[in-house]
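The values are calculated or read from the model by the stated rules, or taken from the named source; none is laboratory data. Source: prediction; values computed, not measured. Because the Cβ atoms are built from the backbone with ideal geometry, glycine has one as well, and the counts that use them run over all protein chains shown. We work out accessible area using only protein heavy atoms, side chains counted, and drop any ligands, DNA or RNA first. Shrake-Rupley method; radii C 1.70, N 1.55, O 1.52, S 1.80 Å.
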Amino acid sequence: MAFVLFARAGYETYMRRDANDMEHAKGNKAASHATGTLERKAVPAEAGMRLDQYWAREMAERGASRERVKEWLQAGLARVDGVVVKKPGYRLEGFERVSLDAPDFSTEITPAPEPGELTVLHRDETLAVVVKPAGLTTHPAPTQPAGTLVNRLLHHFPELAPEVSAMHGERPGIVHRLDKDTSGLMLVALTEAARLALSQAFADRRVHKTYLALVHGRPKGDEAGPLGEDAGFIDLPMGRHPTLRTKMTVLRKGGREARTGWRRLWTDRLGRASLLAVDLHTGRTHQIRVHLAHLGHPLLGDPVYGPSQHARWLAEKGPLAQLATRQMLHAFRLAFEHPGRAEELVFRQDPPEDFMALLRALGTDCQRVVLTGAPLCGKSALLAALEAMPEGPPTFSADACVARLYAPGGDGAALLSRSLGRGVLGADGGVDKAGLLSLLRKTPGLRREVEDIVHPLVRHALDRFWAANAHAPLAVAEIPLYFEAGWQGRKGGEARRMADVVVGVRCPDDLRRGPLREGRALPSETLDALDSWQWPQERKLAACDMVVENAGTLAALEAQAGPLLKRLAALRGEREAAFAARMAALLDQTAEKGADVPCPGLPATQADDEDWWDEADG
């Protein structure tokens, strides 16, 4: 029966600073680190075993890890039938005489304990599950000898000290790694026996890890394939970049097997970024980063594997650029069998605030509002009133846009004259609006031709307006023919909608055709023509999300601008709450199943072929 431990962000931060609370551990005796040449004779049952595996097994009681043994082999300290063998993957045939000149590693420098905050989700006598924050290196290296996760582990877990655990070197307790700028769950061995068992579990792919990744754009799988367009499986070998030695890359020849499954959980409505759940089926250095970049969708905040996308992201300025300060990758779920109790442990850690803040910013961007209504209903006046409010929203007027298009030198004037002849232009080279209106009334069939020319130009200008104000809380556009142009999209097709909220302005026909028409000196027949080209007022208002009443006076209409802004703000609050609930549901689902992308054809064990120490976030 599975034992499930879900640990969300906000759980108790475990700050153990009293090194004396493990007095019982001090009585344990460290393993012998005797040195000198070790000689053995392989037996037939060991045929096919890797040489590094063989010596790691033989040296286990002396506290030597397989990684340490590999280093010895690569240094030329191993012989097979008297011949130096430096290849850790050398396969034994049985009956060989093997030897290893094991150096004394008992005097190796062990990292010093350092205080520092450490969130511990689980601890027992053999292992711990901790949360590594972004920006913290996993273990010491020549370029960073201190200030690492290992230093904090030695402070919080004194039983990791080499004289107690028999784990020497720079990586006591470490059985896998996360990149410095990757956050999330890490499994730590507290005893040498646990380290060996967990290392073997990683090598056998019996430890299951799911990551959350924010990537550029919207990845698409094979729509006709078994996983559909919202999931995919990447099976591309990897290795060191041939010229940039600090980078990894996909290698068609000579690379090591690397397999990654991904599932798209969510994409922002502008298609700028997507949230993915990612399962690692192998563990190559930078595997996730390399595979997703090869797919064309590198991680947000990763200038190494997505330099061009990262540069464009920063060039956009605004709050989103400031939020992607690191590679947006988080080790979210960890599942494994306890090495001493034969029970499954499952842990979950929700992403840290920087990850969630960027996700929220993507999910709750500008509220796009369209004002529409019948001719002379007062929508232009309401737009001006909204713009004039303190901290009023940015605004767009389709009528003003058309006026610019029809002006001398405008794109609309050029295209209409090319299609309808220069007779539609006035003496100044701009469109003769009265003449064009008269032509359309005489030849109704031309209206569709004119709309096919003008509407795409207005739509392009509106797209640019929304994009320019994507970081504003609210932007308002007045679009008289919003519904008639088909910009609302089909029901349920939210991605095709040009607006989040459509506000209609209702004005009684007697006011529109009386005082308001007369005040504009608009002939009755002209208003009749404009009305005939639009939906009836009540049909249009029925399709709107909310309606503002125009009683006929400018002051009364302007007075409704403030209440309208409050209603829109309330809708933004509801949208933010709905987004938060949706994200919580997606995380719950991912915590249960991971990315849920099966690995085709992967053997049950890869211990003979895989190097568990490559296990790094990707």
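Checking the stated criteria, GLY423 turns out not to satisfy the condition of being touching a Phe, Trp or Tyr at 6+ places or on another chain (Cβ under 8 Å), in a helix (DSSP H, G or I) and touching a residue at least 12 places away in the same chain (Cβ under 8 Å).
Out of ARG195, ARG218, ARG205, one residue alone is in contact with a strand residue (DSSP E or B) (Cβ under 7 Å, 6 or more places away or on another chain) and part of a loop (DSSP other than H, G, I, E, B). It is ARG218.
Before we move on, is PRO339 surrounded by fewer than 22 Cβ atoms within 10 Å (Cβ to Cβ), farther than 30 Å from THR119 by Cα, touching a strand residue (DSSP E or B) at 6+ places or on another chain (Cβ under 9 Å) and in contact (Cβ under 8 Å) with a residue 40 or more places away in the chain? Against the criterion (surrounded by fewer than 22 Cβ atoms within 10 Å (Cβ to Cβ), farther than 30 Å from THR119 by Cα, touching a strand residue (DSSP E or B) at 6+ places or on another chain (Cβ under 9 Å) and in contact (Cβ under 8 Å) with a residue 40 or more places away in the chain), PRO339 does not qualify. Restricting attention to the range 52-80, the residues that are modelled with pLDDT of 95 or more and either among the polar types (S, T, N, Q) or surrounded by fewer than 16 Cβ atoms within 10 Å (Cβ to Cβ) (or both) add up to 0.
Count of the range 179-236 residues, restricted to those that are of a type in the set (Asp, Glu), crowded, with 17+ Cβ neighbours inside 10 Å and over 21 Å from VAL290 (Cα atoms), is 1.
Between VAL346, VAL402, the distinction of being assigned to a strand (DSSP E or B) and β-branched (Val, Ile, Thr) belongs to VAL346 only.
Against the test of being assigned to a loop (DSSP other than H, G, I, E, B) and open to solvent by 70 Å² or more (accessible area, probe 1.4 Å), the options GLU391, GLU387 yield a single qualifying residue, GLU391. Within the set ALA146, ALA128, the sole residue that is among the aliphatic types (A, V, I, L, M), in the same structural domain as PRO158 (by the TED database) and either surrounded by fewer than 17 Cβ atoms within 10 Å (Cβ to Cβ) or in a helix (DSSP H, G or I) (or both) turns out to be ALA146. How about the range 121-158: which of its residues are within 26 Å of the chain's Cα centre (by Cα), of a type in the set (A, V, I, L, M, F, W, C) and under 25 Å from THR325 (Cα atoms)? VAL130, VAL131, ALA134, LEU136, LEU149 - these are the residues of the range 121-158 that are within 26 Å of the chain's Cα centre (by Cα), of a type in the set (A, V, I, L, M, F, W, C) and under 25 Å from THR325 (Cα atoms). Looking for something of a type outside the set (A, V, I, L, M, F, W, C) and part of a loop (DSSP other than H, G, I, E, B) - is there at least one such residue anywhere in the range 571-586? No: zero hits. GLU223 satisfies every condition listed in (1) without any contact (Cβ under 8 Å) to a residue 24 or more places away in the chain; (2) among the acidic types (Asp, Glu); (3) not assigned by the TED database to the domain that holds GLU337 except (3). Regarding the range 444-466, can at least one residue be identified that is farther than 21 Å from LEU362 by Cα, basic (Lys, Arg) and more than 43 Å from the chain's Cα centre (by Cα)? Within the range 444-466, one or more residues are farther than 21 Å from LEU362 by Cα, basic (Lys, Arg) and more than 43 Å from the chain's Cα centre (by Cα). Just the residues that are in contact with a Pro (Cβ under 9 Å, 6 or more places away or on another chain) and either open to solvent by 20 Å² or more (accessible area, probe 1.4 Å) or under 18 Å from HIS168 (Cα atoms) (or both), please, taken from the range 40-51. ARG50 - this is the single residue of the range 40-51 that is in contact with a Pro (Cβ under 9 Å, 6 or more places away or on another chain) and either open to solvent by 20 Å² or more (accessible area, probe 1.4 Å) or under 18 Å from HIS168 (Cα atoms) (or both). For the structure I just gave you, tell me whether ALA277 is within 30 Å of ALA570 (Cβ to Cβ) and under 16 Å from the mean Cα position of the chain (by Cα). Spelling it out, it is not the case that ALA277 is within 30 Å of ALA570 (Cβ to Cβ) and under 16 Å from the mean Cα position of the chain (by Cα). Within the range 264-304, the residues that satisfy the criterion of being acidic (Asp, Glu) and either modelled with pLDDT under 95 or within 18 Å of ALA357 (Cβ to Cβ) (or both) are ASP268, ASP302. Scanning the range 144-183 for residues that are at pLDDT 90 or above and either of a type outside the set (D, E, K, R) or farther than 26 Å from PRO352 by Cβ (or both) yields a count of 23.
Residue-level analysis places LEU376 outside the set of residues that are in a helix (DSSP H, G or I) and either touching a strand residue (DSSP E or B) at 6+ places or on another chain (Cβ under 8 Å) or surrounded by 21 or more Cβ atoms within 10 Å (Cβ to Cβ) (or both).
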